[in-house]
Amino acid sequence: MNCIEITSEKQLLQTGLFPNQKKLRWYLLLHFIDKRGEPAGCWALREDLFTVGMDCSTATIGRYLKELDYQDYTVQNSNLGRVVTPSGKAYLRDMDERLERALMQSELSRNVKVTTFDELSDLLIARRALEAKAAGLAARHADEVGLKRLCRSLEAHQATVQHNDDPTEPALDFHTVVAEISGNRFILSVLNMLIYEERRMEAKMETLVTRERGRIYVKEHEEIAAAICAHDARRAEELMDRHIAVLCAAVEEQRNEN
């Protein structure tokens with residue numbers, strides 16, 4: 001039986017899983033029929049749709065149910081109402097899995113939004129755990145193509161520092177490349193989300209101590225890149241851990257000054 005908790009039509013629309021209102025209503029009708037565990041008719045389903053803020057006439061619901069019958073997702077059970085067919089249950093299981101994943105990703109996105117120095121500090125602590133491991137994996141698994149990409153990213157960072165430009169973007173790009181060549185897509189996905197939020201907050205800050213210390217950080221990046229290129233996983237992991245710890249300390253320093 002269906003266990004997805006749906007609170008509103010808006011909640012579902014925000015997932016981007018439903019190309020149009022018809023497909024959304026098909027899913028909801030299947031969801032509520034399955035949830036009831038017994039044959040359901042238009043009046044009962046109309047009440048169910050009301051609970052998620054959707055007002056449909058019984059005639060409209062009847063039309064959608066006929067379309068679901070045609071798709072072999074539902075079948076009429078004498079005069080008691082519709083039940084979900086095996087094909088309908090398979091469709092519902094697939095949509096539930098996709099919806100659950102989308103809702104979890106949406107919740108994760110909300111939870112990682114950064115608006116304060118305390119949250120930025122927590123974000124960097126999470127980055128520290130992820131990126132130290134990513135650097136070690138990159139040293140073990142990166143191929144020649146990946147290492148060349150890492151070197152190009154480092155060179156872009158070095159050029160920015162030499163020209164006294166804001167080094168934030170090339171510095172973050174270096175960290176992203178390390179995660180990419182680690183070969184671990186889960187680390188990369190989570191890190192991309194964290195870095196996106198960090199960018200958003202830092203872009204709003206007129207003064208940021210990490211911008212002012214670009215010459216120090218680029219040297220640390222050079223050491224990390226050298227360890228990765230030498231396939232020294234232990235040193236790469238240690239250097240990255242130390243580097244992010246320095247960033248954490250800088251943010252803590254600025255937070256205490258404000």
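The values are calculated or read from the model by the stated rules, or taken from the named source; none is laboratory data. Predicted, not measured: the structure shown is a model, and the values here were computed from it. Positions of Cβ are generated from backbone atoms using ideal geometry, with glycine treated the same way; all protein chains shown enter the neighbour counts. Just so you know, the surface numbers come from the protein's heavy atoms only, side chains and all, with ligands and any DNA or RNA stripped out. Shrake-Rupley method; radii C 1.70, N 1.55, O 1.52, S 1.80 Å.
Please state which one of Leu99, Leu92 is at pLDDT 90 or above and of a type outside the set (Lys, Arg).
Values: Leu99 fails: at pLDDT 90 or above.
Being at pLDDT 90 or above and of a type outside the set (Lys, Arg) holds for just one of Leu99, Leu92, which is Leu92.
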>> If the requirement is being at pLDDT below 90, open to solvent by 20 Å² or more (accessible area, probe 1.4 Å) and not charged (D, E, K, R), which of these qualifies: Ser109, Ser121, Ser87?
In response: Ser109
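What do you reckon, is Val161 open to solvent by less than 80 Å² (accessible area, probe 1.4 Å), β-branched (Val, Ile, Thr), at pLDDT below 90 and over 16 Å from Ile244 (Cα atoms)?
On the way: open to solvent by less than 80 Å² (accessible area, probe 1.4 Å): yes; β-branched (Val, Ile, Thr): yes; at pLDDT below 90: yes; over 16 Å from Ile244 (Cα atoms): yes.
Yes; evaluated as a whole, the condition is true for this residue.
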> Restricting the search to the range 11-24, which residues are outside any loop (DSSP other than H, G, I, E, B) and open to solvent by less than 30 Å² (accessible area, probe 1.4 Å)?
Replying inline: Leu12, Leu24
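Output the residues belonging to the range 33-81 that are among the hydrophobic types (A, V, I, L, M, F, W, C), part of a loop (DSSP other than H, G, I, E, B) and over 33 Å from the mean Cα position of the chain (by Cα). Before you say what the answer is, go through the steps one by one.
Going residue by residue through the range 33-81, those that are among the hydrophobic types (A, V, I, L, M, F, W, C) are 33, 40, 42-45, 49-50, 52, 54, 56, 59, 61, 65, 68, 75, 80.
Among the residues that remain, those that are also part of a loop (DSSP other than H, G, I, E, B) are: 52, 54, 56, 80.
Result: Cys56, Leu80.
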> Which pairs have Cβ atoms under 7 Å, sit 6 or more apart or on different chains, and link a residue in the range 187-203 that is farther than 17 Å from Thr116 by Cβ to one that is at pLDDT 85 or above and open to solvent by 60 Å² or more (accessible area, probe 1.4 Å)?
Replying inline: Ile187/Lys133; Leu188/Glu180
> Just for the range 199-226: of the residues that are among the β-branched types (Val, Ile, Thr) and open to solvent by 20 Å² or more (accessible area, probe 1.4 Å), which one is modelled with the highest pLDDT?
Replying inline: Ile216
> What pairs can you find where one residue is in the range 237-252 and at negative phi and open to solvent by 30 Å² or more (accessible area, probe 1.4 Å), the other is of a type outside the set (Val, Ile, Thr) and at pLDDT 85 or above, and their Cβ atoms are less than 6 Å apart, with a gap of 6+ or different chains?
Replying inline: Glu237/Ala132; Glu237/Ala135; Glu237/Gly136; Asp241/Ala132
> Before we move on, is His141 in contact (Cβ under 8 Å) with a residue 40 or more places away in the chain and open to solvent by 90 Å² or more (accessible area, probe 1.4 Å)?
Replying inline: yes
>> Considering only the range 58-78, I want to know if a residue exists there that is touching a Gly at 6+ places or on another chain (Cβ under 8 Å), surrounded by 13 or more Cβ atoms within 10 Å (Cβ to Cβ) and of a type in the set (Gly, Ala, Ser).
In response: no
